[in-house]
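Throughout, read-outs are computed from the coordinates displayed, never taken from laboratory work. As the structure is a computational prediction, the values presented were derived from the model and not from experiment. In this analysis, Cβ positions are derived from the backbone assuming ideal geometry, glycine residues included, and neighbour counts consider all displayed protein chains.
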Amino acid sequence: MVSSKKLKRLWPIAGILSVVIISIQFIQVPVQNGKTTHPINAPEEVTKIFRKACYDCHSNETKLSWYDKVAPVSWLVNHDVEEGRSRFNFSTFDTLSATDQQVRLWEMVNMALAGKMPLNSYTTLHLAAKLTQHDVEVLKNYVVSISPTKYHDSTQLKSAEEEQKVVGDGSTTSKNIPVAPNGVRFIPDYKNWEVISTTSRFDNHTMRVIYGNKVTVNAIRNGRIKPFPDGAAIVKVVYNIIEEKNGEVHPGAFNNIQIMIKDEKRFPESKGWGFGKFNGTGLKPYGETAAFNTTCYNCHKIADETGYVFSIPLENKDLK
Amino acid sequence: MIRMKIFAMVLCVIAGSYGCANNSYNDGRKRIVYNAHGLKVITSFSDRKQQTISLLYGNALALQSAKTGIQDKGELFELVTFKQADNKYWYGSYINGAVQSIELITSYATDKNVIAFKYKILQGQVPGDADARIKSIISHRALLFP
């Protein structure tokens, strides 16, 4: 039993708390819903999944429960919705180019497969938003269906042929070192590094030869990848592919070079990784501003188990 | 004294078994970066039906001939064929897994000064005879590495 004396002492505290809780309700304006101008164009069974699992944060059709509107929970909700809409917004999704839509959709599926999305903090209170195994399968099949294989693609064959002529001339070395908007410089010396892996992709029909400098290779061999040490650098050389019906996949023309450099001081907001992408044989730096680094990092979060690097060699136990 | 010896022996056994257990754990978690001993990549290709993914390495002369199509003596090609594995962190990507086979080709000049090739399988089994393999491997053109 609480004595009446103690109760008397608790009254002022409860009063102050009530005033504080009521006051904080006015600090932030609750989430506002905008218009749905260019909604995602996908089959019904796919959009149904997006609606139940993603729309509250990734669209202009956010549906708030009463507790989502009460501060301080509402602050967290506001932050998540703002962040979610800034990454991609299903209400304006069709304004993105077909390629950008494809990239986003594959990222979504991989975020879901990695268990990163929808956020645990969200599904704890919104149980219906949890993805079932069937949902994930539907999404996987959908992204494969929007990225069809063109066998023996004559356009790819032609551009690969034309590129071979240039290789024959031996006139492909670039004199000026291109620099990405975040200061990451192209590294021509990657050709003398070791290859850490090679990948073949059916999402965007490309392949990669992936090089690591000494720091990277030593870190992988010694199991010191969480985190990778400062000075690690990775160069991914990306090519289009020519796919044949009999299963053969040949490299096509050069597409781009992607770079990751590890420098904790320079890139503290992306776990120390600085990204760079250089397009075409002219190695044109990708990105208008340094902000593109965040886009790269956001996707690489999927690979946090391997130091934010997707394509490092498998562990021995996974080699079959 | 005897107690000390027994204690030391028990300690050794414990340390030894711990070491073993520890090693097997570490070996499973280790990752191998294929050691090409300084050879450079010429190209990479894969086969979705065979579920293989390959890297063709070469010395400077092999790389040169893969660029120009003109063979010379002293070329060294190393074709490493890996099993294709799923990329654990990216649905949509395959990555090289365990090494399935390693083939080696060297070029030399015959008495009549014609370029000829020697073929050797260093690891695994490969379908097709030596001549067919030589023809196939040296026919690959070099990738563009800007």
> Which cross-chain or sequence-distant (5 or more) residues have an amide H under 5 Å from the amide H of B:Q100, H modelled 1.01 Å from N in plane?
Replying inline: B:T81, B:F82, B:K83
> Under the Karplus relation 6.51 cos²θ - 1.76 cosθ + 1.60, θ = phi - 60°, what is the ordered set of whole-Hz ³J(HN,Hα) values for segment A:94-102, x standing for Gly and Pro?
Replying inline: 6, 7, 6, 5, 4, 5, 4, 4, 4
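Averaging sequence separations of C-alpha pairs under 8 Å and six or more residues apart, then dividing by the length of segment A:23-145, give the relative contact order as a whole percent.
On the way: 113 pairs, mean separation 38.4, N = 123.
Computed value for segment A:23-145: 31 percent relative contact order.
For a Förster distance of 22 Å, can you work out the FRET efficiency between the beta-carbons of A:T281 and A:S154, rounded to the nearest 0.05?
0.60
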>> With +1 on the Cβ of every Lys and Arg and -1 on the Cβ of every Asp and Glu, and nothing else charged, how large is the dipole of chain A about its Cα centre, in debye rounded to the nearest 20?
In response: 1360 debye
> Out of B:T110, B:V80, B:Q125, whose Cα points farthest toward the positive end of the dipole of segment B:40-138 (charges: +1 Lys, Arg; -1 Asp, Glu; placed on Cβ)?
Replying inline: B:V80
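Run the dipole for segment B:40-138 about the Cα centre, Lys and Arg Cβ at +1, Asp and Glu Cβ at -1, nothing else charged, and hand back the magnitude in debye, nearest 20.
On the way: 12 positive and 9 negative charges, 29 e Å.
Magnitude of the dipole: close to 140 debye.
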>> Shape verdict for segment A:1-115, please, from the Cα gyration tensor: rounded (a/c under 1.5), prolate (a/b greater than b/c) or oblate.
In response: prolate
> Which one of A:T92, A:L125, A:V184 has its Cα pushed farthest toward the positive end of the charge dipole of chain A, where Lys and Arg give +1 and Asp and Glu give -1 at the Cβ?
Replying inline: A:L125
> In peptide B:76-88, how many Cβ atoms from other protein chains are near each Cβ within 10 Å, on average?
Replying inline: 3
> How long is the gain from A:K116 to A:D304 if the chain were fully straight, where each residue apart is worth 0.36 nm and the alpha carbon distance is subtracted?
Replying inline: 66.6 nm
> Amide H to amide H, which residues 5 or more places from B:S93 or on other chains are under 5 Å from it, using H placed in the peptide plane?
Replying inline: A:F202, B:N87
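DSSP beta bridges in chain A, what fraction antiparallel, as a percent rounded to 5? Show your work: numbers first, answer last.
Values: 34 of 35 bridges.
Around 95 percent antiparallel, to the nearest 5.
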>> Suppose each label sits 7 Å from its Cα in the direction of the beta carbon; what would the A:K226-A:H134 distance come out to in nanometres?
In response: 3.5 nm
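Among the listed pairs A:K271/A:K320; A:K236/B:K118; A:K52/B:K88; A:K48/A:K69; A:K52/A:K265, give every one whose C-alpha distance is greater than 29 Å. Intermediate values should be presented prior to the final figure.
Numbers: A:K271/A:K320 32 Å; A:K236/B:K118 33 Å; A:K52/B:K88 27 Å; A:K48/A:K69 25 Å; A:K52/A:K265 40 Å.
Where the Cα-Cα span goes over 29 Å, the pairs concerned are A:K271/A:K320; A:K236/B:K118; A:K52/A:K265.
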> Hey, what angle do you get for helix A:133-145 against the long axis of chain A, alpha-carbon based, 0 to 90 degrees rounded to 10?
Replying inline: 40 degrees
> Once every DSSP H run of n ≥ 4 in the protein assembly as shown is given -39500 (n - 2.57) and the sum is divided by its residues, what mean residue ellipticity at 222 nm do you get, rounded to the nearest 500 deg cm²/dmol?
Replying inline: -11000 deg cm²/dmol
>> Could you work out the relative contact order of segment A:154-315? I mean the mean sequence separation of Cα pairs under 8 Å and 6+ apart, divided by the number of residues, in percent.
In response: 23 percent
> If you plug each phi of segment A:29-42 into the Karplus form 6.51 cos²θ - 1.76 cosθ + 1.60 with θ = phi - 60°, what whole-Hz ³J(HN,Hα) values come out, in order, with x for Gly and Pro?
Replying inline: 6, x, 3, 9, 9, x, 8, 9, 9, 9, x, 4, 9, 8
> So, how do all the Cα-to-Cα distances of the protein assembly as shown break down into 20 Å bins, in percent, from 0 on up?
Replying inline: 19, 46, 24, 9, 2, 0
> For labels at B:D131 and A:V144 in the simple 7 Å Cα→Cβ model, what's the distance in nm?
Replying inline: 4.2 nm
> Between A:A291 and B:D111, what is the FRET efficiency for a Förster distance of 51 Å, r being their Cβ-Cβ separation, to the nearest 0.05?
Replying inline: 0.20
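Report, in debye and to the nearest 20, how large the dipole of segment A:23-145 comes out about its Cα centre when Lys and Arg carry +1 and Asp and Glu carry -1 on their Cβ.
Numbers: 12 positive and 13 negative charges, 31 e Å.
It works out to roughly 140 debye.
Over chain A, what relative contact order in percent results from Cα pairs under 8 Å that are six or more residues apart? Each step should come with its number before you reach the end.
Values: 429 pairs, mean separation 41.1, N = 320.
Contact order relative to length: 13 percent.
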> Could you state the principal axis extents of the C-alpha atoms in segment A:218-317, from the largest down, to the nearest angstrom?
Replying inline: 45, 42, 22
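Over 24 Å between C-alpha atoms is what I'm after, so list which of B:K40/B:K73; B:K73/B:K112; A:K140/A:K191 land there.
Working: B:K40/B:K73 18 Å; B:K73/B:K112 13 Å; A:K140/A:K191 35 Å.
Going by Cα-Cα distance, A:K140/A:K191 fall outside the 24 Å limit.
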>> Can you compute the modelled spin-label distance between A:A14 and A:K165, with each label point 7 Å from Cα toward Cβ, in nm?
In response: 8.7 nm
> Rounded to the nearest 0.05, what FRET efficiency is calculated for A:S97 and A:K5 with R0 set to 56 Å and r the Cβ-Cβ distance?
Replying inline: 0.20
